[in-house]
Amino acid sequence: MGHRILAGGFFACLLLSGAAFARDDVLQNVPLKWSPTSTLAEMGPLDVSGALLTTKIHVDVFTDVRQNPTLVAENHEKTDKVRPVTTSSDVAAFLTDHLKETLQHAGLTIVDGAADVSITGEIRQFFVTETSMYRGEVSVLLHAKNSAGKEIWTGVIGGAAERFGRSYRLDNYQETMSDMVLQAAYNLLASAGFREALQKR
């Protein structure tokens, strides 16, 4: 009887460990989660004043023009076995929402309705590559138009992030993605061209 119990326990452990390995082997259709590890203040000083504060800005949901919108990361620790990370979330909505949220927290007036300036964007890159560390990059082509519909500024805003972490961990991917979006928001706020366009609109 004791041998049967031990054998049963052994096989149960094998099944559990096998299921855990299967879950961890490939990160498929995982949700995107906002979990930045830094803040705008930690990235450097920003002059949020003048037109940045007084302009009412509307941000449309960005268009995702990447070839594979569900692929957001890859693990390249083993050259003979690249492990992808795919998401079930809408990357364009995630990026737009958190960029808007970050800009609003910085002091900008982000509105849903009529605005002085409307911003649209095309997501060119949103990806994390893991080797010995996690490295992420985001790139968005932005267009700003005034209330008359005239384009007053266009530019590519990028953001990058890197961090160490345990191998092929969802939380590390999510943190890297969040930090690179935060960096993109910082770079937009720091853009002299964007600030000047708002002032001359």
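Can you tell me how much longer the chain between E196 and E101 gets when fully stretched, taken as 0.36 nm per residue apart minus their C-alpha distance, in nm with one decimal?
Numbers: separation 95, 0.36 × 95 = 34.20 nm, distance 2.20 nm.
Between E196 and E101, full extension yields an extra 32.0 nm.
Taking the DSSP beta bridges with both ends in the chain, the antiparallel portion is around 70 percent. Estimated at 0.36 nm per residue, the fully extended path between V82 and L170 surpasses their Cα-Cα distance by 30.1 nm.
Applying 0.36 nm per residue to the separation of D112 and A41 and subtracting their alpha-carbon distance, the gain on full extension is 23.0 nm. Lysine pair count for the chain with Cα-Cα distance under 28 Å and sequence separation of 8 or more or different chains is 13. Comparing mean-square fluctuations of D60, D90, D80 from a GNM of the chain with C-alpha springs under 10 Å, the top value falls on D80.
Just to be sure I understand the rule: take each whole DSSP H helix in the chain, project its Cα atoms onto its long axis, keep it if the span is 18 Å or more and its mean Kyte-Doolittle hydropathy is at least -0.5. Which ones pass? Walk me through the numbers before you get to the answer.
Working: long enough: 2-25 (34 Å, 0.75); 91-106 (22 Å, 0.10); 170-189 (29 Å, -0.09).
In the chain, the long hydrophobic H runs are 2-25, 91-106, 170-189.
Result for the chain in a Gaussian network model with C-alpha springs under 10 Å: among A148, A92, A115, the largest mean-square fluctuation is at A148.
Of the chymotrypsin sites (Phe, Trp or Tyr not before Pro) in the range 134-201, the ones in a loop by DSSP (not H, G, I, E or B) with at most 13 other beta carbons within 10 Å are F164.
Read-outs throughout are calculated quantities, based only on the coordinates presented, and are distinct from any laboratory measurement. Predicted model, so just to flag it, every value in this text is computed and none were measured. Cβ sites come from the backbone with ideal geometry, for glycine too, and all protein chains shown count toward neighbours.
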